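Down below is the structure, laid out as structure tokens.
The values are calculated or read from the model by the stated rules, or taken from the named source; none is laboratory data. Everything numeric in this text was worked out from a predicted model, so none of it was measured. Because the Cβ atoms are built from the backbone with ideal geometry, glycine has one as well, and the counts that use them run over all protein chains shown.
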């Protein structure tokens with residue numbers, strides 16, 4: 001049955017059994033809560049303090065109370081764990097600096113299912129990978145020309161910086177819609193989720209990795225010589241939320257990062273979906289703050305790009321770097337030492353007890369992404385441990401764990417553009433299905449996705465793809481990813497995965 005998708009609700013209550021009917025049918029629907037208000041217009045600079053040049057006041061006293069509560073009664077364990085962490089970081093930082101881009105695992109799409117088990121341990125340690133040849137090279141290269149023509153036809157398109165665009169406020173161009181529903185791309189996403197993430201400790205966890213859900217993000221066409229889009233080391237998916245009880249503390253058990261705050265960072269598993277599925281990573285409605293659970297962030301390359309040519313940089317020490325970020329607000333240097341190596345020694349850092357503790361969470365501001373720097377996070381040695389991606393070609397897919405510290409080249413020193421489509425990997429969860437219902441409406445309207453700066457977006461753009469375009473181009477899996485067809489579960493799926501798939505279909509009205 002063809003569905004008149006303009007009839008689908010913007011948001012559907014989880015328990016409301018709502019079906020998308022044909023144009024000649026009607027259905028009484030359970031009243032649903034109003035969606036959050038649309039966000040103001042803006043661009044990618046609004047997501048980061050460093051790009052927006054925003055002056056922020058000190059964090060309020062409630063964050064001091066929060067910090068004290070996180071480590072209360074286990075201060076000695078936290079202090080001991082800090083010492084172990086600093087010693088391990090020193091060794092691993094040297095290894096990363098020596099290997100550079102060569103430390104990033106590179107896999108081939110044609111052999112991905114066979115290679116993932118072989119590379120599994122290294123992938124989990126590094127938190128980043130390049131998957132070569134996901135989209136045919138010529139097809140991926142042609143995407144950029146299509147986008148440039150779309151922008152030429154629609155000069156009202158917003159971008160950053162406005163006088164010399166590098167990152168476009170586009171979410172629904174034909175190439176973006178095509179890639180999100182491409183069978184190769186969906187297969188790569190599914191394999192990465194299923195081989196690297198797990199919910200073994202909580203088999204009834206409401207999360208399914210059997211099919212990815214689409215998340216409509218922006219795109220970048222960075223020109224040679226650009227130095228404006230110099231986004232330094234950062235983590236997306238919230239900032240202060242990582243410490244908040246009503247943020248990542250809402251994960252399974254005691255919270256996503258409970259082992260770290262208990263002084264057992266070695267026991268922290270970044271790949272435990274059961275612990276993370278309930279985490280809330282956007283408590284402040286920031287422009288571009290992601291409210292969907294993205295297992296991986298990622299981009300598809302539309303150009304050939306090498307190190308220092310406007311490409312991605314990452315810190316490939318996922319668990320260690322995350323533990324350090326979380327514990328850093330509880331420690332301070334005893335004194336400045338002329339020898340930088342001595343400054344970093346464990347005996348030069350003390351636990352902030354009693355009145356010495358403050359509300360500061362280095363680089364974290366409500367409503368903005370988490371930013372890191374050599375000054376605020378010296379033991380990460382970011383000047384040496386932020387490594388470039390190895391050379392990528394059109395059609396290659398670069399992915400990194402949602403907690404991976406990443407950045408972009410400060411200056412694009414290459415001779416041709418560095419162009420990518422930002423596309424993360426999202427499993428089926430309750431909150432992801434709720435977001436997808438709202439994003440589906442944004443697709444129909446041509447407006448930005450709910451997480452992003454608002455406004456008219458592409459609603460009046462010439463040649464914007466429609467549902468008919470997607471149905472002609474995409475298979476059923478692509479339509480499912482967009483919330484346009486019913487999601488399915490498999491008999492071998494854990495009970496939690498089967499339950500959340502049914503729940504997601506109710507939310508989507510399918």
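So, residue 230, is that one closer than 25 Å to residue 378 by Cβ and at pLDDT below 90 or not?
Answer is yes for this residue.
Scanning the stretch 146-181 for residues that are touching a helix residue (DSSP H, G or I) at 6+ places or on another chain (Cβ under 9 Å) and in a helix (DSSP H, G or I) yields 146, 147, 150, 174, 175, 176, 177, 178, 179, 180. The numbered conditions (1) over 30 Å from residue 486 (Cβ atoms); (2) out of contact with any strand residue (DSSP E or B) (no Cβ under 8 Å at 6 or more places or on another chain) are all true for residue 251 except (1).
Entry remark, the stretch 306-315: residues being under 17 Å from residue 236 (Cβ atoms) and outside any loop (DSSP other than H, G, I, E, B) number 3 in total. Checked against the criteria, residue 321 does not count as within 29 Å of residue 124 (Cα to Cα), surrounded by 21 or more Cβ atoms within 10 Å (Cβ to Cβ) and in contact with a strand residue (DSSP E or B) (Cβ under 7 Å, 6 or more places away or on another chain).
Screening residue 409 with (1) under 29 Å from residue 390 (Cα atoms); (2) in contact with a helix residue (DSSP H, G or I) (Cβ under 8 Å, 6 or more places away or on another chain); (3) at pLDDT below 95 gives one miss only, at (2). Selection of the stretch 158-180 for residues being over 12 Å from residue 218 (Cα atoms) and modelled with pLDDT under 95 yields 161, 162, 163, 164, 165. The sole residue among 59, 89, 116, 66 that is crowded, with 16+ Cβ neighbours inside 10 Å, assigned to a loop (DSSP other than H, G, I, E, B) and either modelled with pLDDT of 60 or more or touching a strand residue (DSSP E or B) at 6+ places or on another chain (Cβ under 9 Å) (or both) is 59. Apart from one condition, residue 399 fits all of (1) over 22 Å from residue 234 (Cα atoms); (2) touching a strand residue (DSSP E or B) at 6+ places or on another chain (Cβ under 9 Å); the exception is (1).
Just to check your reading of the model, which residue among 365, 336 is more than 13 Å from residue 64 (Cα to Cα) and crowded, with 17+ Cβ neighbours inside 10 Å? That would be 365, the only listed residue that is more than 13 Å from residue 64 (Cα to Cα) and crowded, with 17+ Cβ neighbours inside 10 Å.
Within the stretch 461-510, the residues that satisfy the criterion of being surrounded by 21 or more Cβ atoms within 10 Å (Cβ to Cβ), in contact with a strand residue (DSSP E or B) (Cβ under 9 Å, 6 or more places away or on another chain) and either without any contact (Cβ under 8 Å) to a residue 60 or more places away in the chain or not in a loop (DSSP other than H, G, I, E, B) (or both) are 480, 481, 497, 500, 501, 504. Checked against (1) in contact (Cβ under 8 Å) with a residue 40 or more places away in the chain; (2) surrounded by fewer than 18 Cβ atoms within 10 Å (Cβ to Cβ); (3) touching a helix residue (DSSP H, G or I) at 6+ places or on another chain (Cβ under 9 Å), residue 95 meets all criteria but (1).
Within the stretch 438-452, being touching a helix residue (DSSP H, G or I) at 6+ places or on another chain (Cβ under 8 Å) and surrounded by fewer than 20 Cβ atoms within 10 Å (Cβ to Cβ) holds for one residue alone: 444.
Residue selection: residue 180 satisfies the criterion of being farther than 30 Å from residue 374 by Cα, within 20 Å of the chain's Cα centre (by Cα) and crowded, with 23+ Cβ neighbours inside 10 Å. Of all residue pairs spaced 6 or more apart or on separate chains, those with beta-carbon atoms under 6 Å, a first member in the stretch 411-437 that is surrounded by fewer than 21 Cβ atoms within 10 Å (Cβ to Cβ) and a second member that is in a helix (DSSP H, G or I) and modelled with pLDDT of 95 or more are 430/503.
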